[in-house]
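In what follows, a single structure is set out as structure tokens and then discussed.
The values are calculated or read from the model by the stated rules, or taken from the named source; none is laboratory data. Since we're looking at a predicted model, the values are computed, not measured. Don't worry about glycine lacking a Cβ; one is built from the backbone with ideal geometry, like all the others, and counts go over all protein chains shown.
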């Protein structure tokens, strides 16, 4: 049988077993102690790092609640800003305005972002165009938000000859796209190739496989990415300064300047009046709570949708 | 009913690697045909050429003639049409993780736009029964995710999924290699029953398995098909020295 290339006998020298390790030796006992110490040391370090990260976060939130809650009242949610020197007034127009601008930017930014991510992950593998898109997205992600505002100012506002809610939506949408594109791509990359093959093997066309198998499987991660992008732009002020511009009255028109909470907070916080400072605190609290509620609602809704899809 | 497959001068490449070199082979209808050979010899590439899955890899390419019944699958049809006639079961169970057991089995029909509830229900039941899984899952068809089943059950579910689109050919790429012996024997029993209705091509590393389930066996080596004959002949009296070496080498 020696000539059989598929049969290799074990090498002669390897037949002897190694001598057993003496676990009671001094060296092994020291080793055990060392491992015990290192293990606990690293655990303590990890917990400590977590605390260091969380403490400032909780401190900020607590201070915000402390300063904001005392200034909150019903008028804040129902009234538009009062003229300087007059007590009362609220930021109802800012809350609604933020809702409009954010809705607009989500409508534009999320589909474009996801579509680009799908192209990168499913169709553009190894193509030069994909490389270019990926590079552009990364650069766009690093563009300072004030620059984005200026860009939209010259691209949209200058052409329309006036500030508008639409321009604000475009600015925020462009800020959302790179984050959503890259998360979508990364999430799609975690979908195992084997389940794409399962679908293709059943004679399912590629577009349907992408839609019903890849995207559906990656959906929880993609939704998280969209929510992160949303939460990030929801608090942006700089891109709105030259686009949505802000106002002090009710306006629901997309072609007119519109109020937004971050803008109002900015203006009020910079003002010399104590009354306005309090309103700025209240506005900050409301903004954070709004973002948290929006993100949580989408999460719950998405989770329910997932379960329905599975049953 | 199954359909015979006639392969002539099939060549396949991955990039510049010539993975399959001039394969000629007749796979008879309604029989099980086993493909054996060492890892990397081209068996998997070969079965992937039979339903045009090979070309889903952007750097892969294939030439030659593969006739299924009276159509040349590389000339007369779109890949999507071929894959609906040829079911495939992969090495590792690959259920759709977001879908229930029911939806997994019905996916081939549903994702191709088929919506008739009654027909779907009936197909799911029939396919699961053919795959010998019905009794184990019938109570939580829509409650449980396909991914929550055990490995062996998942693989039988994947077989049911392939059967649900009513294929003529069933390609199995090492369907039991990731399973324990009990699940493996269930899959083998299944192949034994299914081969009266489908043409089955099974890639395996387990030569006893080939001997148990297949009427014919082909031995692949370095991208070429060395020998193709009845399984009995291949294992008792191979013509080629390399086939004999492989078989005896493996059995020690």
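Within this structure, residue A:211 passes the test of being within 14 Å of chain B (Cβ to nearest Cβ) and part of a helix (DSSP H, G or I). Counting only residues that are farther than 23 Å from residue A:110 by Cβ and surrounded by fewer than 17 Cβ atoms within 10 Å (Cβ to Cβ), which one in segment A:190-204 is nearest to the other protein chains (Cβ to nearest Cβ)? Looking at the filtered set, the residue picked out is A:194.
Among residues belonging to segment B:194-237 that are within 14 Å of chain A (Cβ to nearest Cβ) and modelled with pLDDT of 90 or more, point out the one that is surrounded by the fewest Cβ atoms within 10 Å (Cβ to Cβ).
Once the filter is applied, the top-ranked residue is B:222.
For residue A:73, the conditions (1) surrounded by 10 or more Cβ atoms within 10 Å (Cβ to Cβ); (2) under 30 Å from residue A:175 (Cβ atoms); (3) modelled with pLDDT under 95 all hold with the exception of (2).
Per this entry, residue B:136 is counted among residues that are free of Cβ contacts under 8 Å to residues at least 40 places away in the same chain and over 14 Å from the mean Cα position of the chain (by Cα).
Condition check for residue A:216 on (1) closer than 19 Å to residue B:84 by Cα; (2) at the interface with chain B (Cβ under 7 Å from one of its Cβ atoms): one failure, at (1).
Annotation note: of B:240, B:189, the sole residue that is in contact (Cβ under 8 Å) with a residue 12 or more places away in the chain, surrounded by fewer than 17 Cβ atoms within 10 Å (Cβ to Cβ) and more than 14 Å from every other protein chain (Cβ to nearest Cβ) is B:189.
Among the conditions (1) crowded, with 23+ Cβ neighbours inside 10 Å; (2) out of contact with any helix residue (DSSP H, G or I) (no Cβ under 8 Å at 6 or more places or on another chain), residue B:13 misses just one, which is (1). For residue A:250, the conditions (1) surrounded by fewer than 16 Cβ atoms within 10 Å (Cβ to Cβ); (2) outside any helix (DSSP H, G or I); (3) within 14 Å of chain B (Cβ to nearest Cβ) all hold with the exception of (3). In a residue-by-residue description of segment A:130-148, the property of being more than 22 Å from the chain's Cα centre (by Cα) and surrounded by fewer than 15 Cβ atoms within 10 Å (Cβ to Cβ) applies to at least one position. Taking residues in segment B:90-113 that are at positive phi, and partners anywhere that are surrounded by fewer than 21 Cβ atoms within 10 Å (Cβ to Cβ), the pairs with Cβ atoms closer than 9 Å and at least 6 places apart or on different chains are B:113/A:208.
Whether any residue in segment B:168-177 is surrounded by 23 or more Cβ atoms within 10 Å (Cβ to Cβ) and not in a strand (DSSP E or B) is what I want to check. Checked segment B:168-177: at least one residue is surrounded by 23 or more Cβ atoms within 10 Å (Cβ to Cβ) and not in a strand (DSSP E or B).
Which residue out of A:114, A:110, A:100 is under 22 Å from residue A:241 (Cα atoms), modelled with pLDDT of 90 or more and part of a helix (DSSP H, G or I)?
Numbers: A:114 fails: under 22 Å from residue A:241 (Cα atoms); A:110 fails: under 22 Å from residue A:241 (Cα atoms).
Result: A:100 is the single residue among A:114, A:110, A:100 that is under 22 Å from residue A:241 (Cα atoms), modelled with pLDDT of 90 or more and part of a helix (DSSP H, G or I).
Being away from chain A (no Cβ under 11 Å), surrounded by fewer than 19 Cβ atoms within 10 Å (Cβ to Cβ) and modelled with pLDDT of 90 or more is a property that holds for residue B:139.
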